[in-house]
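A short write-up of the structure that comes next.
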Amino acid sequence: MTSLSFITTYYNQSDMLKKQIEMWESYSDEIKSKVQFIVVDDGSSKEAMEYIDNPNINLSVYRINEDIYCNIPGAVNLGAKVCETEWMFKHDIDHLIPEESLSLMLNLTDTIGNAYKFYRYNGTEISNANKIAPGQFMIHTSDFWRIGGWDEDFCGNYGQNDPAFFWRAKGIVRVEERYEVEMVIDEEGETSEIDRSKRDVNEKLFEEKKRTGEWSYEFLRFDWEKVY
């Protein structure tokens with residue numbers, strides 16, 4: 001029985017998308033039967049469907065038909081809206097999840113009110129193991145929406161999306177860091193199409209929202225469609 005939606009946001013990272021699908025297809029049939037894979041193409045010029053060829057997994061692909069800069073909150077909210085499982089995992093495409101780790105994650109899907117964050121390493125340097133993967137988490141889908149989803153006021157500028165989400169999550173869910181679940185970061189997989197040095201706009205917006213409590217609940221401010 002499918003129990004977890006694996007939500008991956010995609011923006012022109014065609015090589016990483018192919019790596020991810022190859023890994024997902026390598027999972028055992030037992031694991032694949034429990035996971036719904038969702039790819040959200042965030043207005044890419046290299047459309048995700050150009051790199052997908054009838055994979056042997058439970059896969060759905062959605063496309064945002066506008067190229068909105070740093071539309072990460074919108075893409076995450078779309079994935080959460082269309083997932084059909086009680087639990088969801090918000091996944092960054094430059095992190096590979098070994099089957100053993102995914103199996104451990106599935107064993108955690110029994111407690112509403114918990115949100116889980118996991119560790120990452122680069123595949124060789126053990127010293128990097130004790131580092132939480134930012135912006136990636138597993139949560140009951142109902143808890144995601146109880147928190148308020150991701151605030152799409154942060155779209156258009158870089159940063160503060162996951163800090164804002166977990167700031168709002170205080171008192172709603174318990175956040176647990178699970179060191180036994182390891183993700184392998186592919187250091188060549190990070191998109192180069194975002195300027196990570198320009199964080200000041202969203203940093204100021206986050207401080208203002210913390211002060212005023214004026215969070216946005218206007219979701220999916222764009223045209224989108226299911227393409228697979």
## Note on the structure
Computed over all unlike Cα pairs, the Kirkwood hydrodynamic radius of the chain in Å stands at 17.9
### Query
Tell me, what ³J(HN,Hα) does each residue in the stretch 99-106 have, in order and in whole Hz, if you take phi through Karplus 6.51 cos²θ - 1.76 cosθ + 1.60 with θ = phi - 60° and put x for Gly and Pro?
4, 4, 5, 5, 4, 5, 4, 4
### Summary
Magnitude of the Cβ-charge dipole (Lys and Arg +1, Asp and Glu -1) of the chain about the Cα centre, nearest 20 debye, reported as 840
### Task
Principal axes first, then extents: for the Cα atoms of the stretch 31-152, list largest minus smallest coordinate on each axis, whole Å, largest first.
38, 36, 30
### Query
Excluding ligands, DNA and RNA, what is the solvent-accessible area per residue of the chain at a probe of 1.4 Å, expressed in Å²?
47
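Could you please state how large a percent of the accessible area of the chain is carbon and sulfur, counting protein chains only and using a 1.4 Å probe? Could the numbers behind the result be given before it?
Details: 4710 of 10770 Å².
Carbon and sulfur atoms account for 44 percent of the accessible area of the chain.
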### Task
Could you compute the FRET efficiency for Trp215 and Ser45, with r as their C-beta to C-beta distance and R0 at 25 Å, rounded to 0.05?
0.20
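The values are calculated or read from the model by the stated rules, or taken from the named source; none is laboratory data. Bear in mind the structure is a predicted one, so any value in this text is a computation, not a measurement. Note: ideal-geometry Cβ built from the backbone for every residue, glycine included; neighbour counts use all protein chains shown. Side chains included, ligands, DNA and RNA excluded: accessible areas come from the protein's heavy atoms. Shrake-Rupley method; radii C 1.70, N 1.55, O 1.52, S 1.80 Å.
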